[in-house]
Amino acid sequence: MNTRSMVIIGLASVLLAFTLHGQAQDAQPREFVSRTFGGTQVINAQSIEVVPRKRSYGFMIQHRFGAWGFNKEMGKQFLGLDLPANIRFAFQYSPVDDMHLELGRSKNGKVYDLGAKVRLLKQTEGDEMPLSGTAWFNVAMMSDDFPAVDERDFYADGVTPFAYSFKHRFSYATQVILARRFNDHVSVQLAPVFVYRNLVPVGASNVTMTLPISGRWKVTTKGSILFEAAPFLAGRDPNETLLPIATGYEVATAGHVFQIVLASGQEIVEQRLYTMPVTRYDEGYFHLGFNIARTLFVKPKNPQP
């Protein structure tokens, strides 16, 4: 599957999402369940939420420090804060209700990513619609320098000498997110992810599929405990037993979300998060980090007389 095909599939998914969204709104009552999750991210995984109002903006900082473990180096490295870190900045804009566009930039790989997120279904009070549904499509471009190519490097056919091209910088992620808020305290979601990378090592698969499972347990008016884990469905070594996992504590208000995070890896954008090895958390190593999200609401325009 080439770059053009992936872009066409992504755009078709977004157009289909708008169609389904319009049909679903016509059939649903207006008593919707709100704030299933505090923000547009659970921790690393995308959440069911979008920027909540047309013409409003969002800004997000996601930061992961270096790996640390419970050993004599823990204090010396100051819980990983002294080690190289990864950080991603993202800007969001909602051109229409129940949708936003997102532009991000990550330190690792010097990756730029552009995404679109559309709300398809809204859970209703009384369970006329028992679930919420959102679609997400993202394209990422690695802008870092390619590593050196040896004269003995070949494509997978073992005959054609390998050479980098511009398309090798691109990768894609598509997912459908389904979530339910069971009561005032507990929310759970499933978000199957399809990742396609134009460039992979010889013997590796271009396609990776995972099934992130996330949850939120609201323990105070503004505070929640979060967790997520992402079992692999396809495209990874079957002997790989360590899954991407994360947990965190969140403080959320109407326009501001702050999270303290403990994660199994430093990667943030989906194309790297679900395809690269995680830190050996089975040996006690984790990455401390934080997420900060701010939503800037814009008042609706007054109708013209």
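What follows draws every value from the coordinates through simple rules; no lab data is involved. Just so we're clear, the structure is a prediction, and the values are computed from it rather than from any experiment. In this analysis, Cβ positions are derived from the backbone assuming ideal geometry, glycine residues included, and neighbour counts consider all displayed protein chains.
What nm distance separates the two modelled labels at VAL96 and VAL251, each placed 7 Å from Cα along Cα→Cβ?
Going by the 7 Å Cα→Cβ label model, 3.8 nm.
Counting other Cβ atoms within 10 Å, keep those with at most 16, restrict to DSSP loop, and tell me which trypsin sites (Lys or Arg not before Pro) in region 188-296 are left. Working shown, then result.
Values: sites: ARG197, ARG216, LYS218, LYS222, ARG236, ARG272, ARG280, ARG294; in loops: LYS222, ARG236, ARG280.
Listed in order of number, the matching sites are LYS222, ARG280.
Can you list residues from other chains, or at least 5 along the same chain, whose modelled amide H is less than 5 Å from the amide H of VAL186?
For VAL186, the qualifying residues are LYS218.
Which angle from 0 to 90°, rounded to the nearest 10, does the C-alpha axis of helix 3-27 make with the longest principal axis of the chain?
20
Over what distance in Å are the Cα centres of region 249-305 and region 125-172 separated?
22
In the neighborhood of LEU199, defined by Cβ-to-Cβ distances under 9 Å, what is the net charge if each Lys or Arg adds +1 and each Asp or Glu adds -1? All intermediate terms of the calculation are to be shown ahead of the outcome.
Numbers: positive: LYS167, ARG169, ARG197; negative: none.
Counting the neighbours of LEU199, the net charge comes to +3.
Where is the GNM fluctuation largest for the chain (alpha-carbon springs, 10 angstrom cutoff): LYS110, LYS76, LYS54?
Maximum among the listed residues: LYS76.
Treating only the Cβ atoms of Lys and Arg (+1) and Asp and Glu (-1) as charged, compute the dipole magnitude of region 190-286 about its Cα centre; round to the nearest 20 debye.
On the way: 7 positive and 8 negative charges, 57 e Å.
Once rounded to the nearest 20, the dipole reads 280 debye.
Ignoring the sites themselves, what is the longest stretch of the chain with no GluC sites (Glu not before Pro) in a DSSP loop and at most 16 other beta-carbon atoms within 10 Å? Intermediate values should be presented prior to the final figure.
On the way: sites that count: GLU31, GLU128, GLU151, GLU240.
It works out to 32-127.
Please work out how many pairs of lysine residues in region 46-134 are eight or more positions apart (or on different chains) and have Cα atoms closer than 27 angstrom. Please list the in-between numbers first.
Details: LYS54/LYS117; LYS54/LYS122; LYS76/LYS107; LYS107/LYS117.
Here the count comes out as 4.
Compute the relative contact order of region 98-247 as a whole-number percentage, counting only Cα pairs closer than 8 Å that sit 6 or more residues apart in sequence. Could you put the intermediate results ahead of the total?
Values: 310 pairs, mean separation 21.4, N = 150.
Dividing the mean separation by the residue count of region 98-247 yields 14 percent.
Taking springs between alpha-carbon atoms closer than 10 angstrom, which of VAL149, VAL33, VAL200 fluctuates most in the Gaussian network model of the chain?
Taking springs between Cα atoms under 10 Å, the residue moving most is VAL149.
Give a quick list of chymotrypsin sites (Phe, Trp or Tyr not before Pro) in region 168-239 that DSSP marks as loop, anything other than H, G, I, E or B, with at most 13 other Cβ atoms within 10 Å. Walk me through the intermediate numbers first.
Details: sites: PHE170, TYR172, PHE182, PHE194, TYR196, TRP217, PHE227, PHE232; in loops: PHE182.
Sites meeting the loop and neighbour criteria: PHE182.
To the nearest 20 debye, what is the magnitude of the charge dipole of the chain about its Cα centre, counting +1 on the Cβ of each Lys and Arg and -1 on the Cβ of each Asp and Glu?
Working: 31 positive and 27 negative charges, 205 e Å.
It comes to approximately 980 debye.
Take the alpha carbon gyration tensor of the chain, find the square roots of its eigenvalues, order them as a ≥ b ≥ c, and report rounded if a/c is under 1.5; if not, report prolate when a/b exceeds b/c, else oblate.
On the way: a/c = 1.83, a/b = 1.30, b/c = 1.41.
Verdict is oblate for the chain.
Residue farthest toward the positive end of the dipole of the chain, with Cβ of Lys/Arg at +1 and Asp/Glu at -1: which of LEU178, VAL278, LEU199?
Towards the positive end, the residue furthest out is LEU178.
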